[in-house]
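Every number in this text was worked out from the coordinates using simple rules, so none of it is lab data. Treat the numbers as computed from the prediction; the structure is a model and nothing was measured. When we count neighbours, we look across all protein chains shown, and the Cβ atoms used for this are built from the backbone with ideal geometry, even at glycine.
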Amino acid sequence: MKVVHLSFSDINGGAARSSYRIHQSLLKAEINSCMWVNKATTDDLTVEKPLGIIERILIELRSPLINNSLVKTLKTKNKIIHSPSVLKSRWVKLINESDADVVNLHWIQNEMLSISDISKIKKPIVWTLHDMWAFCGSEHYTQDHRWRDGYLNNNRPAYESGFDLNRWTWKRKEKYWKTPIQIVTPTKWLAECVNESKLMYNWPVNVISYPIDTNFWKPMSKNNKRELLGLPRDVPLLLFGAFDSATDHRKGYDLLLAALENLKTHPKFRDVELVVFGQSKPKLPTKLAVPIHHMGKIHDDEILRAIYNAADVMVIPSRQDNLPNVAVEAHACGVPIISFNVGGLPGVIEHQKTGYLAKSFEIEDLANGILWFLNHSDKKQLNNYIREQAVLKFSQKKVAEEYLSIYKNLLQQI
């Protein structure tokens, strides 16, 4: 069996890294897997990218062309990326003429594939969703419910004006996607969204977690890693990190800072410090509850693994999230996680067993989660249990077997 994964990038961004890890898991299971991308960062020979200079230039121009024209006709307070996906690409012809048995779509926006392109793929398709875009309009995440009710003229949110790009994009999906596609989501939350959506309520959907190489992502010496990174040895270190971690409103950095402010007079919290990775040092309030160590953007997995191992606990205060890679990576390194009980995170965190699930967006309860960890009587036992559960949930072998089962079932239906 040959599987082709289609993804805008191989490892640049959370969805890309997850897609690449799925691909790598299949290779380790001796499945003929390759990845086709518009942009490649690795030098992996199983990742194919456009080679011609003209083609690479055209790829660079596609997304800015749409973002600077069509996307700007929408006025919205939802600052998440919007993808109309209107420009046709070469990928459909290459896919249909290939010897692939199955095509696994991943994050294919930035005008990699158009909405109509997807309907023209003649190979069996599995589509791994990494956000909400597939059943929404042009937005990748949203707090409103048009994706449940249908994008009607009379249910547009008050925070939008101008051209209704989301309705126009959703109507094109409704027009072209007549045949249901096999969907895979990494969390139960996203699968439930698919089932509740107006567009995909009758599409088949399975939940398969993201995989991780637990031989690489593993617990290591805390003191050694703190010395390596220049972090203090004898204080509790909280960790926060995400791509554009301090500027993406959805990631909730402001909520974390508020929780830390809430705790600053608590005696147990006196020596706590915060480690942040994901972007360069942002502008912050002049008075902070704790010292902050900014690690910047991390492009080296060994350094990232060292950061997890240097930390005592990770805080993921997202307002909305699917299955962030930082959660999988932290758990694989035996690090507990404190988050809100939202999105896909309850599928990763066992409340007061591998972390703490705070009531949604309640600052005091997020602070309680930090105190729960600081007061934990046996942190070593906690770390060991978290590691055991990560190996059970996220092993490459388990995930590869689950994907292979989906592929085989799909091919039997032909």
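Tabulated values for the structure
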read-out: Kirkwood Rh (inverse of mean 1/r, distinct Cα pairs), the stretch 346-414, angstrom; value: 14.7 Å
read-out: Orientation-averaged projected area, Cα convex hull of the stretch 127-262 (nm²); value: 12.4 nm²
read-out: Mean separation of Cα contacts under 8 Å, 6 or more apart, over the residue count of the chain: relative contact order %; value: 14 percent
read-out: Cα-centred dipole magnitude for the stretch 222-394, charges only on beta-carbon of K, R (+1) and D, E (-1), debye, nearest 20; value: 200 debye
read-out: Signed unit charges on C-beta, dipole axis of the chain, positive-most listed residue 344, 318, 141; value: 141
read-out: Ranked packing of 59-72, 113-126, most packed first, by mean Cβ within 10 Å; value: 113-126, 59-72
read-out: Ordering of 130-136, 51-57, 367-373, 328-334 by burial proxy (mean other Cβ atoms within 10 Å per residue, highest first); value: 328-334, 130-136, 367-373, 51-57
read-out: Signed unit charges on C-beta, dipole axis of the chain, positive-most listed residue 50, 295, 19; value: 50
read-out: Relative pair counts by distance (%), Cα atoms of the stretch 59-196, 10 Å bins; value: 11, 42, 35, 11, 1
read-out: Relative contact order %, the stretch 322-395, counting alpha carbon pairs below 8 Å whose residues are six or more apart; value: 35 percent
read-out: For q = 0.10, 0.14, 0.15 Å⁻¹, Debye-computed log10 I/I(0) when each Cα of the stretch 222-394 counts as one equal scatterer; value: -0.32, -0.66, -0.78
read-out: For the stretch 44-88 versus the stretch 355-383, the gap between their alpha-carbon centres in whole angstrom; value: 41 Å
read-out: Expected 222 nm ellipticity per residue - DSSP helices of 4 or more, -39500 (n - 2.57), all of the chain, to 500; value: -11000 deg cm²/dmol
read-out: Distribution of pairwise C-alpha distances over the chain, 20 Å bins, in %; value: 26, 56, 18, 0
read-out: Signed unit charges on C-beta, dipole axis of the stretch 153-287, positive-most listed residue 237, 260, 191; value: 191
read-out: Cβ charges +1 (Lys, Arg) and -1 (Asp, Glu), total dipole of the chain, debye; value: 700 debye
read-out: Degrees separating the helix 363-374 axis from the principal Cα axis of the chain, which is the longest one; value: 60 degrees
read-out: Cα-based helix-to-principal-axis angle, 14-28 vs the chain, degrees rounded to 10; value: 80 degrees
read-out: Sum of side-chain charges, residue 361 neighbourhood, beta-carbon under 14 Å (Lys, Arg +1; Asp, Glu -1); value: -1
read-out: Residue-count net charge about residue 77 - beta-carbon cut-off 12 Å; Lys, Arg +1, Asp, Glu -1; value: -1
read-out: Principal-axis tilt of helix 165-176 within the chain, Cα atoms, nearest 10 degrees; value: 50 degrees
read-out: Alpha carbon Rg of the stretch 292-414, scaled by the compact-globule rule 2.2 N^0.38 Å; value: 1.20
read-out: Residue 61 versus residue 360: modelled label distance in nm, points set 7 Å from Cα along the beta carbon direction; value: 4.5 nm
